Amino acid sequence: MTRAFHAPGRVNLIGEHTDYSGGLVLPAAIDRGLTLTGDAADRIALESDRYPGAVKLSPDGAGGAGQHWGRYVAAVAAELDALGRPAVGFAGALSSDLPDGAGLSSSAALEVVVATALCAVADFPLGPPDLAAACQRAEHRAVGVPSGIMDQAASVLGRADAAVLLDCGTLEHRLVGLPPSLALLVVDSAVQRRLEGSGYAQRRTELEVGLAALGGRRPVDVAPVEAGALGGAAGLDDVPLRRLRHVVAENRRVEEVEMALTGPQGADLEALGRLFAESHASLRDDFEVSTPELDLLVDLAVGAGAAAARMTGGGFGGSVVALVLAEAATEIGGQVVAAYARRSGRSATAYACRASEGAREFA
Ligand code: GLA
């Protein structure tokens, strides 16, 4: 019997670089992702229309992981083995309509689709937070990037027409309905992003210095004005102070964006525009993870009529996300791509996305 499993990519609406200090994030799973078809087998044997080479491993992940994508598969199998998953393999094929390196979490979707399939064929039930956490550990194991849990959690917990407000400290979460009048426009800057070799780990280390000044409190429990006062005589150096200042303010913005999306009068576009702009400026100036291309795309999106726009994901390349009126999404996307080509000489790609269901087995 052939079975089919799907795991979506994600776009983060707001709450950037807040997950690994136990903060708030507001991602949505999108209507693009990875699909794995196949069935239980003695070994893990996968091929793909997207990634080169075949992956052949034992069910616990041992063996030659081979190609880059094989490392993720092997790491997921090893993490599930450590949790006691019975040694059942999976033979099948992976297809994808999610771009790689665009900041839409293709590696998290790969981990989650493999984990979902491996758990299903072994009748090994794992609750969504545990599955997401196993996949996050697999990311660390595979490529050594100390990423947070947002991407994997979004791919697992996403729901149609909603974003997921996740407290990364407790893994409590709730859905935040997205107004049907708004589309999520993602524009990929065509500057390939890989967190391996980027400043991601360095940002984390710099933030740790700032966090130590909080005396054990989570940044989510600190007022922005208090964080701002930790410099100068209070002794925190400029870089950790700015990293901390971003995280503290960004957590607040997540809550404010939830309010702006769900107010009694419908979405408050003005507030969304301001909050996205503040987030982008803070990521550019205080956290220093934006690029000139992402800054340009944000300006172009707002100039073309987006209600709100900011960089999304880890930064250092990747994509921006814009909230646009659904009927204008194609038009705005086209205008941004054309103007970006004129200004930067690069060809961006625009994707109008819908918030979609998280990882699942197709019936
Ligand atoms: C990457 C990481 C996430 C998160 C974002 C920044 O996507 O994988 O865990 O830290 O960057 O918000």
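Output yes when any residue across region 5-12 is away from the ligand (no atom under 16 Å from the Cβ), modelled with pLDDT of 95 or more and out of contact with any Pro (no Cβ under 7 Å at 6 or more places or on another chain), and no when none is.
Step one: of region 5-12, the residues away from the ligand (no atom under 16 Å from the Cβ) are 5-6.
Next cut, modelled with pLDDT of 95 or more only: 5-6.
Now drop any that are not out of contact with any Pro (no Cβ under 7 Å at 6 or more places or on another chain), which leaves 5-6.
Checking region 5-12: at least one residue is away from the ligand (no atom under 16 Å from the Cβ), modelled with pLDDT of 95 or more and out of contact with any Pro (no Cβ under 7 Å at 6 or more places or on another chain).
From the list GLY33, GLY15, GLY22, the one residue that fits, being within 14 Å of the ligand (Cβ to nearest atom), assigned by TED's automatic domain parsing to the domain that holds VAL112, surrounded by 23 or more Cβ atoms within 10 Å (Cβ to Cβ) and not aliphatic (A, V, I, L, M), is GLY15. I'd like the full set of residues that are buried (at least 19 other Cβ atoms within 10 Å of the Cβ), more than 15 Å from SER21 (Cα to Cα) and of a type outside the set (A, V, I, L, M, F, W, C), limited to region 142-158. Answer for region 142-158, where residues must be buried (at least 19 other Cβ atoms within 10 Å of the Cβ), more than 15 Å from SER21 (Cα to Cα) and of a type outside the set (A, V, I, L, M, F, W, C): GLN152, SER155, GLY158.
Out of LEU166, LEU230, one residue alone is within 14 Å of the ligand (Cβ to nearest atom), hydrophobic (A, V, I, L, M, F, W, C) and surrounded by 14 or more Cβ atoms within 10 Å (Cβ to Cβ). It is LEU166. Among the conditions (1) touching a Ser or Thr at 6+ places or on another chain (Cβ under 8 Å); (2) away from the ligand (no atom under 16 Å from the Cβ), the only one that ARG274 does not satisfy is (1). Filtered by the rule that a residue be polar (S, T, N, Q) and more than 12 Å from the ligand (Cβ to nearest atom), region 108-143 gives a lone residue, THR116. Tallying residues that are within 30 Å of GLY92 (Cβ to Cβ) and of a type in the set (A, V, I, L, M) within region 1-30 yields 7.
Of all the criteria given as (1) within 16 Å of the ligand (Cβ to nearest atom); (2) out of contact with any Lys or Arg (no Cβ under 6 Å at 6 or more places or on another chain); (3) farther than 27 Å from GLY334 by Cα, the one not satisfied by PRO146 is (2).
To keep it simple, each residue is scored yes or no on (1) in a strand (DSSP E or B); (2) modelled with pLDDT of 95 or more; (3) among the β-branched types (Val, Ile, Thr).
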position: VAL324; (1), (2), (3): yes, yes, yes
position: GLU327; (1), (2), (3): no, yes, no
position: THR330; (1), (2), (3): no, yes, yes
position: GLY334; (1), (2), (3): no, yes, no
position: ALA339; (1), (2), (3): no, yes, no
position: ARG346; (1), (2), (3): no, yes, no
position: ALA350; (1), (2), (3): yes, yes, no
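Just one residue in the set SER189, SER155 is of a type in the set (Gly, Ala, Ser), outside the structural domain of ALA74 (by TED's automatic domain parsing) and modelled with pLDDT of 95 or more; that residue is SER189.
Being at pLDDT 95 or above, in contact with a strand residue (DSSP E or B) (Cβ under 6 Å, 6 or more places away or on another chain), within 22 Å of PRO27 (Cβ to Cβ) and in the same structural domain as ALA28 (by TED's automatic domain parsing) narrows it down to one residue among VAL112, VAL121; which is it?
Values: VAL121 fails: within 22 Å of PRO27 (Cβ to Cβ).
The conditions single out VAL112.
Within region 254-282, residues that are under 21 Å from LEU166 (Cβ atoms) and in contact (Cβ under 8 Å) with a residue 24 or more places away in the chain have Cβ atoms under 9 Å from residues that are assigned to a helix (DSSP H, G or I) and of a type in the set (Gly, Ala, Ser) in these pairs: VAL257/ALA271; VAL257/SER279; ALA267/ALA260; LEU272/ALA260; LEU275/ALA260; GLU278/ALA249; SER279/ALA249; SER282/ALA249, counting only partners at least 6 apart in sequence or on another chain. Evaluating ASP151 against the criteria (1) more than 16 Å from TYR72 (Cα to Cα); (2) within 11 Å of the ligand (Cβ to nearest atom); (3) of a type in the set (D, E, K, R) leaves one unmet condition, (1). The residue pairs whose first member lies in region 204-219 and is among the charged types (D, E, K, R), whose second member is assigned to a helix (DSSP H, G or I) and surrounded by fewer than 19 Cβ atoms within 10 Å (Cβ to Cβ), and whose beta carbons are closer than 6 Å, counting only pairs six or more residues apart or on different chains, are GLU206/VAL239.
The values are calculated or read from the model by the stated rules, or taken from the named source; none is laboratory data. Please read all numbers here as calculations on a predicted model, not as lab measurements. Glycine also receives a Cβ, built like all others from the backbone with ideal geometry; neighbour counts cover every protein chain displayed.
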